[in-house]
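The structure under discussion appears below in the form of structure tokens.
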Ligand SMILES: Cc1cc2nc3c(=O)[nH]c(=O)nc-3n(C[C@H](O)[C@H](O)[C@H](O)COP(=O)(O)O)c2cc1C
């Protein structure tokens, strides 16, 4: 999806290129960002130079390429510290398994790993490698380590790989990388010192010692709201049933059942300025939880008696904090959403259509309508969940103002 509205004027972007077969694509990134007004500073590893030359980038960006820790260009004569302090964002595209592992392990033996480890600016990486490499336990662990520490990872795409195989390893689509950088550069600290409580994931209601009633919520939407809140300066607590990797600056509380979620939220709501309930909390739970595994042989049919779970959002007193709820609907979306807004006394409801398999549950994409209690309605396109999360928090900033 091409976004013509890239606003890179007066922005300094460090583009780090590593030794992947897709390194040639980074020349297009450097060219587009330069054309959109950015000052692009390219850093190359020794392996990257086997795939693409310094002159290409120097010709495109009109800036000297940094390819060594030792041949310094900057006034300070310490190039890695200069770039780590003065860039608005550091982007590694493509990122090899090698550079990911070095950064995760704190190894600083080239200009890119050293600059990234020296920075406190946003870091975005777009890994690209063979599918088996991306699946390797060491690479997976290292990618998770980066995510836990706030690095934004634009996951590789599935498709044709240089080896001739199909798999997950292709560099993320270039327009999406540019759009994401544009979005990150536009984020302001509008939620500084605001305490946000977010719930995420689908709850699991035990039937017996091995079975449960659950739902298809992956927790991605809630987790991304928490991450985007952090990027806007908020103090975030996340009550989640999902095992998704969470940046360590988010206070994550793990829960399984609706009861556990209700209890954790009840304890924490006192300190919150805002609650965003993105979790898919089960409406019903078995009345009796059977201690052992129910044996198939012992019965022909199994009848379960279910009771309602606590309505967490409704139970929170209105004056306590700003309340934002989600309505996952399959029909009459707008009416059902507005009814929920009123019934639960919300400040805003976020309606998503879970009947569309392209978006919603499990997908990385979503499309929502946001309705505030004042009747303002805003709609999004089908967009990455991280972008939607940002838009929800932008609405929150307006409510807080
Ligand atoms: C033809 C060729 C293609 C390669 N493509 C990739 C790739 O797409 N991703 C990757 O992680 N490594 C790839 N490698 C291996 C890396 O170049 C190698 O691990 C190197 O040490 C990476 O160094 P760097 O991270 O310092 O750039 C490739 C190697 C060759 C010879």
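Every number in this text was worked out from the coordinates using simple rules, so none of it is lab data. Every value quoted in this text rests on a predicted model; they were computed, and no experiment measured them. In this analysis, Cβ positions are derived from the backbone assuming ideal geometry, glycine residues included, and neighbour counts consider all displayed protein chains.
At-a-glance table
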| item | result |
| --- | --- |
| Equivalent ellipsoid semi-axes - Cα gyration tensor, the range 243-401, angstrom | 30, 20, 17 |
| Helix 174-186 axis, angle to the chain major axis (alpha carbon atoms, nearest 10°) | 80 |
| Between the range 336-401 and the range 210-282, the Cα center-to-center distance that results, in Å | 17 |
| Projected label distance in nm at residue 400 and residue 211, using a 7 Å step from Cα toward the beta-carbon | 4.5 |
| Counting DSSP beta bridges with both ends in the range 12-186, the antiparallel % (nearest 5) | 20 |
| Cα-based helix-to-principal-axis angle, 25-35 vs the chain, degrees rounded to 10 | 90 |
| The range 92-185 shape via C-alpha gyration tensor axes, a/c threshold 1.5 | oblate |
| Relative contact order [Cα under 8 Å, 6+ residues apart], the chain, whole percent | 11 |
| Interatomic Cα distance distribution for the range 12-186, bins of 10 angstrom, percent | 10, 42, 37, 9, 0 |
| Helix 333-343 vs. the chain, principal-axis angle (Cα, 0 to 90°, nearest 10) | 70 |
| Percent antiparallel among DSSP beta bridges (both partners in the range 258-387, rounded to 5) | 55 |
| Cα-derived Rg to Rh of the range 35-124, Kirkwood definition | 0.93 |
| At 1.002 mPa s and 20 °C, Stokes D of the chain from Kirkwood alpha-carbon radius, µm² per second | 93 |
| Estimated 222 nm signal from helices in the chain, with DSSP H stretches of n ≥ 4 weighted -39500 (n - 2.57), rounded to 500 | -9500 deg cm²/dmol |
| Relative contact order %, the range 12-186, counting alpha carbon pairs below 8 Å whose residues are six or more apart | 21 |
